[in-house]
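Below is one structure; the comments refer to it alone.
The values are calculated or read from the model by the stated rules, or taken from the named source; none is laboratory data. Computed from a prediction, not measured in an experiment: that's the story for all the values here. As a convention, Cβ positions derive from the backbone with ideal geometry for all residues, glycine included, and neighbour counts pool all protein chains shown.
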Amino acid sequence: MESIFQENNFIILIVIGILIMLAFAMAFVLFVNYSQKKILKEQMRIQKLDYKHQEELLHATILTQEKERNRIARDLHDEIGSKLNVIFLNICRLKKHGKKHEEIDLITNEVESVIHTTINSIRFISHELLPPTLEEFGLIETIRELQYSYNKSGDVHIDFTTSEKTKPITNSLIELNLFRVIQELINNSIRHGKATEIDMHLSAEETAIKLHYEDNGTGFDSSQKNYKKGLGMKNIESRLRIINATYTLNSSIENGTNVVIDLIPIPSDTI
């Protein structure tokens, strides 16, 4: 009888020991799980702060780039452009009042041609850096001016339309970054897509701005998630993030590229 009692006590002790071990094991698992969640939460917090810091740095970098572009554009126009104009006028005076000589005429004609080409190049570069139309007349007129210059070149035809309800965009930061995005999209269409036709439609209202962009270029397979984004596309994404805009891109081989940009405008001017 006593041996049976001892045996029962031994079994009870074993069961209690097993339960205690299970409890410790469970507690350990819960502790590890809690620790992992806490570590993951902290990592996410750090990543979020790091992402925010990167966005702030990116914003500051782009603003600095735009200020530097403005300075270079003005220097080109005011300093170099004005001096070339003076040289050009003096060459014209030399041709008009100088003695007739075949070799002198040949040299002055060549110099005049080079100066004239240089002046046009400087105007084009300064316009690309800082379109004066953007500051004076807004985004829509600047796009129309860009459209005219490309259509005049004959390499690509751009069709640009706006909706009837479209209103002027009052936020210069949105205007500037949308214009830079359009410049980059056109550049990608021509350089990489070999496009000859580009269609753009802009709808700008108080509650929403939408840009439709489409080309007839060679395209690429945008369904592949691992397709390599070039520097131009990364620059576009960076500028769109600055103005809190979203975009969708669809493209397929030999069927061109389609981009839709959406954003909610901020009425007050930010820069």
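Some notes on this structure:
- Top-ranked residue of the range 122-175 - restricted to ones that are part of a loop (DSSP other than H, G, I, E, B) and of a type in the set (D, E, K, R), ranked as surrounded by the fewest Cβ atoms within 10 Å (Cβ to Cβ): 164
- Of everything listed in (1) at pLDDT 90 or above; (2) farther than 26 Å from residue 138 by Cβ, the single unmet condition for residue 260 is (2).
- The set of residues in the range 121-136 that are among the hydroxyl-bearing types (Ser, Thr, Tyr) and at pLDDT 80 or above contains only 133.
- Every listed requirement among (1) closer than 22 Å to residue 203 by Cα; (2) at pLDDT below 90 is met by residue 139 save one, (2).
- Members of the range 150-204 that are in contact (Cβ under 8 Å) with a residue 12 or more places away in the chain and acidic (Asp, Glu): 155, 159, 175, 184, 197, 199
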